[in-house]
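Everything on this sheet refers to the single structure shown next.
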There are 2 protein chains.
Amino acid sequence: MKYHKKEIEQLDRTYRLNLVNSVSGIKPANLIGTKSLENQENVAVFSSVVHLGSNPAQLGFIMRPQTEVPRDTYPNILESGFYTINHISESFIKKAHYTSAKLKRGESEFKRMKLEPEYIGDFFAPFVKESHVKIGMKYQESLPLSNGCFFVIGSVELLVFPDQAINKLGQLDLEECGGVGIAGLNSYYGLQKLETFPYVREDEIPEFE
Amino acid sequence: MKYHKKEIEQLDRTYRLNLVNSVSGIKPANLIGTKSLENQENVAVFSSVVHLGSNPAQLGFIMRPQTEVPRDTYPNILESGFYTINHISESFIKKAHYTSAKLKRGESEFKRMKLEPEYIGDFFAPFVKESHVKIGMKYQESLPLSNGCFFVIGSVELLVFPDQAINKLGQLDLEECGGVGIAGLNSYYGLQKLETFPYVREDEIPEFE
């Protein structure tokens, strides 16, 4: 199948949404947890978290335009300055997916989807107890994009993960963590570790055929 | 395991690099193909491609700081205005990984790693023939980040993928495409489709336990 730009523009809206959301490849499956200054908790699925740097440790994600429907995650991040990123595991993909629902104002996805909020130390925002990998984030900045989205950047303040999921080199085993990926808007994939290659040095490149 | 920000800063450099690169979850595995105006071809592995929007169809990715070592991808994109994003499949993960080598100036990773450049119609940049999903991209803008990286944004000009990998809804089956994900800097994971959920409507949320 081959589509040019003009043909993509003329596709049925749902078909185009599914297709263009699929073409970037597998996406990380995370829940972002927040809390308003009035202690209203919120949690929502995001598939756009991206690594920005290790020192300082920074992650980014894409926030949809805020004009369409009232969303709580972004206002909560801006007013409190904190949020959490929590890996979705195979054991709760359905609950996680349904956090994308537009609930009534003031209703918490934690309660409706029966996910348990967890507070770690004095970190302001709620983590998702069911997650194996939990990241406490501090908001840094938000870059407006031309299509109305925002690229939200934060620093890693706290990292929590299972002891047995990390090796001596600091590599986290996502299969051991029950990690999953998302394709498109709503398909979930399990992960099977294939291979780990060394850091590539020019004089150690094998001969390829 | 629990690390606070201060402890992350004090970790051994390689351990921190591996760990912080792992914590965002599974990442899409893509090769970005470019060509200079002098027809020098270049291809390199990127794990930071992210969906920005479907109409107009836009993707972004993170480009490392350009000060460290000479890299060809970014200058080629800026001078030619075009690049390609090509899914890495399980059948060539090793070749794809080794495109991260710092080759001698002027040496093509296509030739060294024995990957085949493919030109489709009059699109300027080379695709990777071995890839199942190929995206022709037009450069739009580049947002500088505080850590020296750039967030590079482009529009989807051309989409090529196998007929049998897409369903009637426009959903691409990444397992059917032999798609893989990357964890951290250098671990590759196969994908197994688990489940596809419907678009969530408030009145169709199941009762969770």
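Return yes or no: is A:L31 among the hydrophobic types (A, V, I, L, M, F, W, C) and more than 7 Å from chain B (Cβ to nearest Cβ)?
It is true that A:L31 is among the hydrophobic types (A, V, I, L, M, F, W, C) and more than 7 Å from chain B (Cβ to nearest Cβ).
Does B:S142 satisfy the criteria of being in a strand (DSSP E or B) and farther than 30 Å from A:E207 by Cβ?
So B:S142 fits the description; yes.
Residue by residue through region A:18-51, note down the ones that are within 19 Å of A:L174 (Cα to Cα) and either over 13 Å from the mean Cα position of the chain (by Cα) or aromatic (F, W, Y) (or both). Lay out the reasoning, then the answer.
Here is the first cut: in region A:18-51, the ones within 19 Å of A:L174 (Cα to Cα) are A:25-32, A:45-51.
Correct list: A:G25, A:F46.
If you scan region B:188-209, which residues turn out to be part of a strand (DSSP E or B) and free of Cβ contacts under 8 Å to residues at least 60 places away in the same chain? Please lay out each step first, then the result.
In the first step, residues of region B:188-209 are kept if they are part of a strand (DSSP E or B); the result is B:188-196.
B:L191, B:Q192, B:K193, B:L194, B:E195, B:T196 - these are the residues of region B:188-209 that are part of a strand (DSSP E or B) and free of Cβ contacts under 8 Å to residues at least 60 places away in the same chain.
Just the residues that are within 30 Å of B:T34 (Cβ to Cβ) and over 15 Å from the mean Cα position of the chain (by Cα), please, taken from region B:179-209.
In the first step, residues of region B:179-209 are kept if they are within 30 Å of B:T34 (Cβ to Cβ); the result is B:179-191.
Within region B:179-209, B:G190, B:L191 meet the criteria.
Say we look at region B:116-172 and pick out the residues that are buried (at least 16 other Cβ atoms within 10 Å of the Cβ), without any contact (Cβ under 8 Å) to a residue 24 or more places away in the chain and in contact with a helix residue (DSSP H, G or I) (Cβ under 9 Å, 6 or more places away or on another chain); which of these is farthest from the other protein chains (Cβ to nearest Cβ)?
B:I166
Here's the yes/no breakdown for (1) closer than 20 Å to A:R16 by Cα; (2) assigned to a strand (DSSP E or B):
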position	(1), (2)
B:I32	no, yes
B:L37	no, no
B:V43	no, yes
B:H51	yes, yes
B:L59	yes, yes
B:I62	no, yes
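Table: residues versus (1) in contact (Cβ under 8 Å) with a residue 12 or more places away in the chain; (2) among the small types (G, A, S); (3) loosely packed, with under 15 Cβ neighbours inside 10 Å.
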{"site": "A:S24", "(1), (2), (3)": "no, yes, no"}
{"site": "A:K27", "(1), (2), (3)": "yes, no, no"}
{"site": "A:N42", "(1), (2), (3)": "yes, no, no"}
{"site": "A:L59", "(1), (2), (3)": "yes, no, no"}
{"site": "A:I62", "(1), (2), (3)": "yes, no, no"}
{"site": "A:S80", "(1), (2), (3)": "yes, yes, no"}
{"site": "A:E90", "(1), (2), (3)": "yes, no, no"}
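Bear in mind these aren't lab numbers, they're just calculated from the coordinates by the rules spelled out. It should be emphasised that the depicted structure is a prediction, and the values quoted were computed from it without experimental measurement. FYI the Cβ positions are ideal-geometry reconstructions off the backbone, even for glycines, and counts take in every protein chain you see.
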